[in-house]
């Protein structure tokens, strides 16, 4: 590695090159993730109407919302390994088109007759269809997020990755900022149009953009730097060299490259548990936030107002996560940024157990949970990519993401079951989630701190 500081000309070239890459890739990936996340979580708004239409209890909804992550877990690692083999362009396009089709199919939730099959599982036809489609949606989307994280490692070295990931992942917050009022408006104002209920229009209209964007992947997303026609040869070679240098540093520090390296490293397992702790809180709040907001005193049919109020916690969270990721890159510190973000989530969850149905305190607590969860994910992914490369990175990132995302099943299901058993109260679930996040804090701080060393060398 060159120990001499780069000249101003070299620095300018580097910043210009990465600026060009970011301006080309991040906006499109941002749009991809907005439509992906909207299709994943719009069931939270649909629940406000479809639960009554289909006679779903909180337990049925919570289990169905979370079963998405079972399909996600099963197919995550294979999907990411296939992406590495066939290329990001083809595989990301496949993922988006298939999940868009499945997402739109939710409009037929109570139109499919399963007969004895549904009865054998102890379900109505509508329940069984809901569970099957949520599972299929998870299976279709499996590999998208870790595939994008892997894809970004083809372009950006470790020292630049946290801010880049944070910018990309602001799509989570923005999808809620945009999706919440749009979802509320569709359900409230399109109900009955064309003989369709509001939640049926919701799934149809929010599933179609994924199909369209999936086709556009072939236009806007090159497989890697060498295929980017908008870079000149010098820029392509510079990016390739930077990434190769980054990979070499990982190997020199004893980092893994082979497939099995991902599963033999205790840090991978530790990070999977940490990610689980953050994800379980995030999706619990995400899937239930419309219901929690509605219960502070909003008219049961004013879905649009619920959507407008939802903008507040997600808008603040979007700003917070960008700042958090940029600060982590600037300081080179990762573990404490992850741990403190989880602590913010814990504070919000504890707050929710104390405020009852008071509007302003509830909104503040929800904002703390959402901001903490998003700051967590904006910095978390700089940890596994700092010590994994090659096939181990594809497998390890997918493994951490799939195990962690099981929290997406556990969290919503936990709240649903507790609410059903308690007659609508959620406080016990919030305490349980806070305890899980606290375990994540402890594991994070117990992990070896190799990231700071790697980042500072850059």
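The values are calculated or read from the model by the stated rules, or taken from the named source; none is laboratory data. This one's a predicted model, so the numbers in the text were calculated from it and none came from an experiment. Cβ atoms come from the backbone with ideal geometry, glycine included; neighbour counts cover every protein chain shown.
Looking at residue 56, is it in a helix (DSSP H, G or I), touching a residue at least 60 places away in the same chain (Cβ under 8 Å) and either crowded, with 21+ Cβ neighbours inside 10 Å or within 18 Å of the chain's Cα centre (by Cα) (or both)? Criteria not met by residue 56. Being closer than 30 Å to residue 448 by Cβ, out of contact with any helix residue (DSSP H, G or I) (no Cβ under 6 Å at 6 or more places or on another chain) and in a helix (DSSP H, G or I): is that true of residue 324 here? Taking the combined requirement at face value, the residue does not satisfy it. Reported count of residues in the range 220-239, each being closer than 19 Å to residue 9 by Cβ and outside any helix (DSSP H, G or I), is 2.
With respect to (1) at pLDDT 80 or above; (2) more than 30 Å from residue 60 (Cα to Cα); (3) within 22 Å of the chain's Cα centre (by Cα), the lone exception for residue 442 is condition (3). Restricting 92, 97, 67, 101 to residues that are under 16 Å from the mean Cα position of the chain (by Cα), assigned to a helix (DSSP H, G or I), under 17 Å from residue 35 (Cβ atoms) and in contact (Cβ under 8 Å) with a residue 60 or more places away in the chain narrows the list to 92. Exactly one residue out of 269, 230, 288 is out of contact with any helix residue (DSSP H, G or I) (no Cβ under 7 Å at 6 or more places or on another chain) and at pLDDT 75 or above, and it is 269. Annotation note: Cβ proximity below 9 Å between a residue of the range 30-53 that is on the phi < 0 side of the Ramachandran plot and in contact (Cβ under 8 Å) with a residue 60 or more places away in the chain and a residue that is crowded, with 24+ Cβ neighbours inside 10 Å and not in a helix (DSSP H, G or I) (sequence gap 6+ or interchain) occurs for 50/109. Taken over the range 334-373, the criterion of being touching a helix residue (DSSP H, G or I) at 6+ places or on another chain (Cβ under 6 Å) and not in a helix (DSSP H, G or I) is satisfied by 334, 353, 355. Of the residues 228, 171, the single one that is under 23 Å from residue 378 (Cβ atoms) and buried (at least 17 other Cβ atoms within 10 Å of the Cβ) is 171.
Scanning the range 320-338 for residues that are modelled with pLDDT of 90 or more and surrounded by fewer than 19 Cβ atoms within 10 Å (Cβ to Cβ) yields a count of 1.
Among the numbered conditions (1) farther than 16 Å from residue 92 by Cβ; (2) surrounded by fewer than 24 Cβ atoms within 10 Å (Cβ to Cβ), the only one that residue 209 does not meet is (1). Kindly list the number of the only condition in (1) more than 29 Å from residue 83 (Cα to Cα); (2) more than 22 Å from the chain's Cα centre (by Cα) that fails for residue 184. Tallying (1) more than 29 Å from residue 83 (Cα to Cα); (2) more than 22 Å from the chain's Cα centre (by Cα), residue 184 fails exactly one: (2).
For the range 294-315, the criterion of being surrounded by fewer than 22 Cβ atoms within 10 Å (Cβ to Cβ) and under 29 Å from residue 448 (Cβ atoms) is satisfied by no residue at all. Screening residue 168 against (1) over 19 Å from residue 22 (Cα atoms); (2) in contact with a helix residue (DSSP H, G or I) (Cβ under 8 Å, 6 or more places away or on another chain) leaves a single unmet condition, (1). Evaluate the range 17-38: report whether one residue or more is surrounded by 21 or more Cβ atoms within 10 Å (Cβ to Cβ), under 30 Å from residue 122 (Cβ atoms) and at pLDDT 85 or above. No: zero hits.
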